[in-house]
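What follows is a set of notes on a single structure, which appears directly below.
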């Protein structure tokens, strides 16, 4: 049975919009885990009288019969890393699972193919206990398909009091769908300077140019690189998380228009901002200053490969201390140098436009509970989230053991990136485990967070990259846009998004690679085809919801 979204706090908006083109651990960690587990049990018992309005079974001494919970974890293809069976998954089982007679089974989800992976498991009836996604539209789709069950918030508070205290406000603000509690969340205190665009500084020096600070200067630099026989702009194929157009949103765009077109899961092909983006890409492609085979660059590994090999001059990626982009580049060219050209807020916006960017709401991972999960599985899942929310447990997952995987320097936890023991952290510092409760590590102070992130996000010797990205982001931080959240599910999005995404890839590549004199006609033809393929129904449904006030606009 399909369900619809209702956040219960819709902003009053009235407008009619027209559619169209436009293992084992250290004894210290073990004892800490035991003490926090005991404190969790005590807190849970207290919550039974203070918080619960229902009748819940006390499992603080463990479940009488073994309970298995299946927890999704991203598989990012890290070399020599098994995301479902490693030191830390075994530590979790030892410290949490064995104590409570719970089997914690991790289920790998391909990061680059997560929606398909989840949909296949949902269809087969073997989806994990938690079904998650970072983007609200995709999360709503899982709910609308009947894959998840309503959540009893008193049950969450009873079994996960620490987690609940941390997330209560966010859950109550964003988690309701059609009057039912559908989602719980991870905390997000976002940073934006972890997304970095690098450019070859040695090449800029060679052609006598500075780091570009506008789209026009970027084109000039790429043309100079091309003329000198160097690499050109990297532009990986866009297949999801549609934010490509943010720098091309016209000034003065209304909240209504943003609500209608902003959607991470469906490209707004017919919107003016998309046309602006495609036209710019078409000019670059025909000038030979963008990767001529950009459409074959289908993942980050390929994009990085083109950068470190010298085929491309730029590379955009999420920084982490485990990244090998700098060492790989120097291995291929010992004289290579890089500079930071952009962060989440772009450093190369076209004249007349603003460096807009996707601004996050107060939640990170969006989590629903499998419709087939039993009461015992729900309880074990909430207890797991609460256990992970205990500071000592969370810290161990994020940093490992002091003196081995990290050291404390001036109050900041500094990763030992040369450490190779069995308890070595994953390439993204175990993020794919602790993301269930926290999206970004933080100290609660911006200056301390920046200092910490210079080590968390950068290999030794590259802390300046983080500083430069931070400076660029601060300069453009006012350009953030939080996507308006509809208070009812946009059913047409669920119905047509897969077909539209396939058509998007065809249309966008064709519009970029066609000759300049063909661009207008091709774009108009694809606009009509896109509308006919279901986008018109999406726009109409959104317009109706906006007119009825079923949208939450967050500033």
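Here residue 367 meets the list (1) surrounded by fewer than 22 Cβ atoms within 10 Å (Cβ to Cβ); (2) in a strand (DSSP E or B); (3) in the same structural domain as residue 134 (by TED's automatic domain parsing) almost entirely, failing just condition (1). Within the range 461-490, the set of residues being touching a helix residue (DSSP H, G or I) at 6+ places or on another chain (Cβ under 7 Å) and farther than 24 Å from residue 346 by Cβ comprises 485, 486, 488, 489, 490. In summary, residue 444 fulfils each of the numbered conditions (1) surrounded by 19 or more Cβ atoms within 10 Å (Cβ to Cβ); (2) under 30 Å from residue 89 (Cβ atoms); (3) under 23 Å from the mean Cα position of the chain (by Cα) with the single exception of condition (1). Being farther than 20 Å from residue 197 by Cβ, touching a helix residue (DSSP H, G or I) at 6+ places or on another chain (Cβ under 8 Å) and assigned by TED's automatic domain parsing to the domain that holds residue 481 is a property that residue 297 lacks.
Within the range 186-214, the only residue that satisfies the criterion of being out of contact with any helix residue (DSSP H, G or I) (no Cβ under 9 Å at 6 or more places or on another chain) and under 30 Å from residue 172 (Cβ atoms) is 190. Evaluate the following for residue 507: is it in the same structural domain as residue 277 (by TED's automatic domain parsing), under 30 Å from residue 345 (Cβ atoms) and in contact with a helix residue (DSSP H, G or I) (Cβ under 9 Å, 6 or more places away or on another chain)? For residue 507, the condition - in the same structural domain as residue 277 (by TED's automatic domain parsing), under 30 Å from residue 345 (Cβ atoms) and in contact with a helix residue (DSSP H, G or I) (Cβ under 9 Å, 6 or more places away or on another chain) - is met. Of the numbered criteria (1) over 30 Å from residue 523 (Cβ atoms); (2) modelled with pLDDT of 95 or more; (3) touching a helix residue (DSSP H, G or I) at 6+ places or on another chain (Cβ under 7 Å), the one residue 431 fails is (3). For the range 437-555, the helices (runs of 4 or more DSSP H) that sit wholly inside it and include 1 or more residues that are under 30 Å from residue 146 (Cβ atoms) are 491-513, 519-530, 536-547.
The values are calculated or read from the model by the stated rules, or taken from the named source; none is laboratory data. These numbers were taken from a predicted model, which means no experiment stands behind them. Please note: Cβ atoms are built from the backbone with ideal geometry, for glycine as well, and neighbour counts cover all protein chains shown.
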